[in-house]
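Here the structure comes first, spelled out in structure tokens, and everything after it is commentary.
The values are calculated or read from the model by the stated rules, or taken from the named source; none is laboratory data. Just so we're clear, the structure is a prediction, and the values are computed from it rather than from any experiment. Quick reminder, even Gly has a Cβ in these numbers, built from the backbone with ideal geometry, and neighbours come from all protein chains shown.
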Amino acid sequence: MTRKFAGDTLLVATHNKGKLEEMAHLLQPFGVKVVGASDMNLPEPEETEDTFVGNARIKAHAAAMATGLPSLSDDSGITIDALNGAPGVYTADWAETENGRDFLMAMTRANTELENLNAPHPRTAQFRCTLVLAWPDGHDEVFEGVAPGHLVWPIRGKDGFGYDPMFVPQGHETTYAEMDRWEKNKISHRAAAVSKFVAGCFG
Ligand code: IMP
């Protein structure tokens, strides 16, 4: 039996503005006030696991312990079939530079590796999102969402964040970055995980 969320404020344990905005938008219909990790001055714990769920657990439990609030974390990324699932849990790491994250560099690396392998088209990939809701007593619940699609080059679109400009979700012709937030949030990996979270914890 999934433990229910009781309360009016949900701490979303992320410093990523793009994720936080999408989450607030997705949870709008449920009347929950969403606050982010930056609003609470929470430190960013190190993500030392090699699975999405492992890293999501680290972030959710650290936030729940620090604040005493039920805390929802999101660990997500893209898995590219021709690269044997890379970058996967290292999706954000591919963007890391001395001066912050550079997603054009990360997308260029993905495309270059595919070109070097002469990978056939369509270059299939999946966006994955694992949500963990952790309570201060150590209990947690896990919800996963996947969005299959393929990668394009050159990149297209100005909306969204991260790898959005190179990803075309299955059944569509536009990239995530060419969709408005409303359209992306109907079909995304994050939307799929959030709908399981809502059914489990608010149902
Ligand atoms: P982490 O979950 O903070 O370790 O990082 C996940 C990384 O995956 C983000 O920094 C983004 O680059 C990427 N990512 C996750 N979800 C999305 C999305 O909806 N669009 C584009 N990139 C995403």
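Among the candidates 155, 187, the residue that is within 14 Å of the ligand (Cβ to nearest atom) and over 30 Å from residue 8 (Cα atoms) is uniquely 155. Are any residues in region 44-70 part of a loop (DSSP other than H, G, I, E, B), closer than 24 Å to residue 87 by Cβ and not acidic (Asp, Glu), and if so, which ones? Selection gives 45, 48, 51.
Is it the case, given these coordinates, that residue 76 is outside any helix (DSSP H, G or I), without any contact (Cβ under 8 Å) to a residue 24 or more places away in the chain and either in contact with a Ser or Thr (Cβ under 9 Å, 6 or more places away or on another chain) or within 15 Å of the ligand (Cβ to nearest atom) (or both)? Against the criterion (outside any helix (DSSP H, G or I), without any contact (Cβ under 8 Å) to a residue 24 or more places away in the chain and either in contact with a Ser or Thr (Cβ under 9 Å, 6 or more places away or on another chain) or within 15 Å of the ligand (Cβ to nearest atom) (or both)), residue 76 does not qualify. If I filter region 79-92 down to residues being assigned to a loop (DSSP other than H, G, I, E, B) and on the phi > 0 side of the Ramachandran plot, which single residue comes out as surrounded by the fewest Cβ atoms within 10 Å (Cβ to Cβ)? Here the answer is 84. In the set 42, 10, 27, only one residue is more than 16 Å from the ligand (Cβ to nearest atom), at pLDDT below 95 and over 17 Å from residue 161 (Cβ atoms); that residue is 10. Considering only residues in region 93-125 that are within 15 Å of the ligand (Cβ to nearest atom) and buried (at least 20 other Cβ atoms within 10 Å of the Cβ), the one that is farthest from residue 35 (Cα to Cα) turns out to be 110.
So for region 81-89 (the condition being among the aliphatic types (A, V, I, L, M), under 30 Å from residue 116 (Cα atoms) and without any contact (Cβ under 8 Å) to a residue 40 or more places away in the chain), does at least one residue qualify? Looking through region 81-89, at least one residue is among the aliphatic types (A, V, I, L, M), under 30 Å from residue 116 (Cα atoms) and without any contact (Cβ under 8 Å) to a residue 40 or more places away in the chain. Scan region 133-160 residue by residue and report those that are part of a strand (DSSP E or B) and under 26 Å from residue 198 (Cβ atoms). 133, 134, 140, 141, 142, 143, 144, 145, 146, 147, 148, 149, listed by residue number. Note on region 161-184: among residues that are in a helix (DSSP H, G or I) and surrounded by fewer than 18 Cβ atoms within 10 Å (Cβ to Cβ), the one that is nearest to the ligand (Cβ to nearest atom) is 181.
Restricting attention to region 141-152, the residues being of a type in the set (Val, Ile, Thr) and more than 12 Å from the ligand (Cβ to nearest atom) number 2.
Of the residues contained in region 15-36, none is found to be assigned to a loop (DSSP other than H, G, I, E, B), touching a helix residue (DSSP H, G or I) at 6+ places or on another chain (Cβ under 6 Å) and within 21 Å of residue 188 (Cα to Cα). Close contacts from region 161-178, counting a first residue that is on the phi < 0 side of the Ramachandran plot and a second that is assigned to a loop (DSSP other than H, G, I, E, B) and aromatic (Phe, Trp, Tyr), with Cβ to Cβ under 7 Å and a gap of 6+ residues or different chains, come to 166/153.
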